[in-house]
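Reviewing the structure listed below.
FYI, it's all coordinate maths here, none of it is from the lab. Since the structure is predicted, the reported quantities are computational estimates derived from the model, not experimental observations. All Cβ positions, even for glycine, are placed from backbone atoms using ideal geometry, and neighbour counts span all protein chains on display.
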Amino acid sequence: MRTRILGGMLAFIIGSLMFTHATLAVGPIVSITIAPTDPVIAAGTAQSFTVTGHDAAGVTADLTADAVFTMTDPLGAVKANAYTAGKSGTWVISGSYNNLTAEAKVTVTPGALNEIVVNPNSTPEFLTVGASRSFTAEAFDVHNNVLRDAEVQWTVTGDIGTVKNVNATSTKFTATKTGKGTLVARIGETAMSVNVTVTAAPVANSNVNNNPNSNTAASTNVNTPTNVNATNNTNANTAVVTNANVSDDNVNTAATSTSSCKGWPRATWIWLFVAYVVLLVGGLYPIRKSRPTWWWAIPLVLTVAIIWVYYQFRCYPVFPAYPYLSLLAAITVISWFNWQQPPTALPKQ
């Protein structure tokens, strides 16, 4: 009896050793798998992965320690087989062993609330009494991922207006009273405020002109046949123009007189300038043969004369640049003759 018992125990031990040896005898790895394959984690948290190798007979081996892990999350991090999520979205985690690669898709959700941003926020926002403005709040985690399902509570301080929620993240603020206050967006224990200044609305112009403007113009021209003027001007034209503008009790009367200019016409001044230039050149021509000490008197006298004539017989503003053109012509002609050298006298035979 004892022999049978000892024989059975020995057979069990030998069989166990053979089975264990068989499980450890893994052939060449032909494929690998990674686990978990589709995890969902929050930003800022870590997830560990394992890589399992398979031989042709289906025998498996844990290759996690020998595998190389990579990820596509731009804000994430990988250390050994642990992946720490960063940016929200769907990313690929890869485990590689030799030339074999296995992939898992990780869905990253936003992490815990870190801050609230309100727009617009000009610090302060200016509104007039009765005006409205929409405000929107966005919630972010520490990695700047947007918490899209966060519900915002809006309040107003300073008794300057009221709010009416448009959706979970937006509100419409209406200014009701002048002063300074704040618009507060709150999610749980986290809050963000916007300074708001409310000013008085502009006063509407209530002035109505009930007095239609009725203009009556009366013009009377009186020409006396004797042409008598108190200033003894023998050629006097007396013109009286009366312009009466009647609007309620206001009457404006204006009297003007006309005058005429007896100056020379435009064509006369053109020919006079041409004659001046001809005389100027002709008077200085003898300088080419002899240079008397008084030669400069010719252009001086002609220029003074032509300018005097202009101011005596011109009608302003006919040719306002006429005096300056005369001076420029004199300077140009004098300079040109001054540069000319007198001809050398021929020797007597």
Quiz item: Quick one: if you take sqrt(5λ) for each eigenvalue of the C-alpha gyration tensor of the range 45-161, what semi-axes come out, biggest first, whole angstrom?
Solution: 50, 11, 10
Quiz item: Counting Lys and Arg as +1 and Asp and Glu as -1, what is the net charge of the other residues whose Cβ lies under 15 Å from the Cβ of residue 49?
Solution: -3
Quiz item: Sorted from fewest to most neighbouring beta carbons within 10 Å, what does the list 92, 203, 333 look like?
Solution: 203, 92, 333
Quiz prompt | Over the range 18-109 - Rg/Rh using Cα atoms and the Kirkwood inverse-distance radius | solution = 1.07
Quiz item: Using only the Cα atoms of the range 115-199, what do you get for the radius of gyration and for Dmax, in Å?
Solution: 12.6, 40
Quiz item: What list of ³J(HN,Hα) values in whole Hz, one per residue of the range 153-166 in order, does the Karplus curve 6.51 cos²θ - 1.76 cosθ + 1.60 (θ = phi - 60°) give from phi, with Gly and Pro shown as x?
Solution: 9, 10, 9, 10, 10, x, 6, 10, x, 10, 10, 9, 5, 8
Quiz prompt | Interchain or long-range residues, amide H under 5 Å from residue 42's placed H | solution = 109
Exercise. With θ set to phi - 60°, apply the Karplus curve 6.51 cos²θ - 1.76 cosθ + 1.60 along the range 40-51 and write out the HN-Hα couplings as whole Hz, x wherever there is a Gly or Pro.
Key: 10, 9, 8, 4, x, 9, 10, 9, 8, 10, 10, 10
Quiz item: Each residue of the range 61-72 in turn: what ³J(HN,Hα) in whole Hz from Karplus with 6.51, -1.76, 1.60 and θ = phi - 60°, glycine and Pro shown as x?
Solution: 8, 7, 10, 4, 5, 9, 7, 10, 10, 9, 8, 9
Quiz item: residue 79: which aspartates and glutamates have alpha carbons under 14 Å from its alpha carbon, excluding same-chain residues fewer than 8 sequence positions away?
Solution: 66
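Taking the mean number of other Cβ atoms within 10 Å as a proxy for protection, how do you rank 137-143, 26-32 from highest to lowest?
137-143, 26-32
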Exercise. Search the structure for amide H atoms under 5 Å from the amide H of residue 150, placed 1.01 Å from N in the peptide plane, and list their residues when 5 or more places away or on another chain.
Key: none
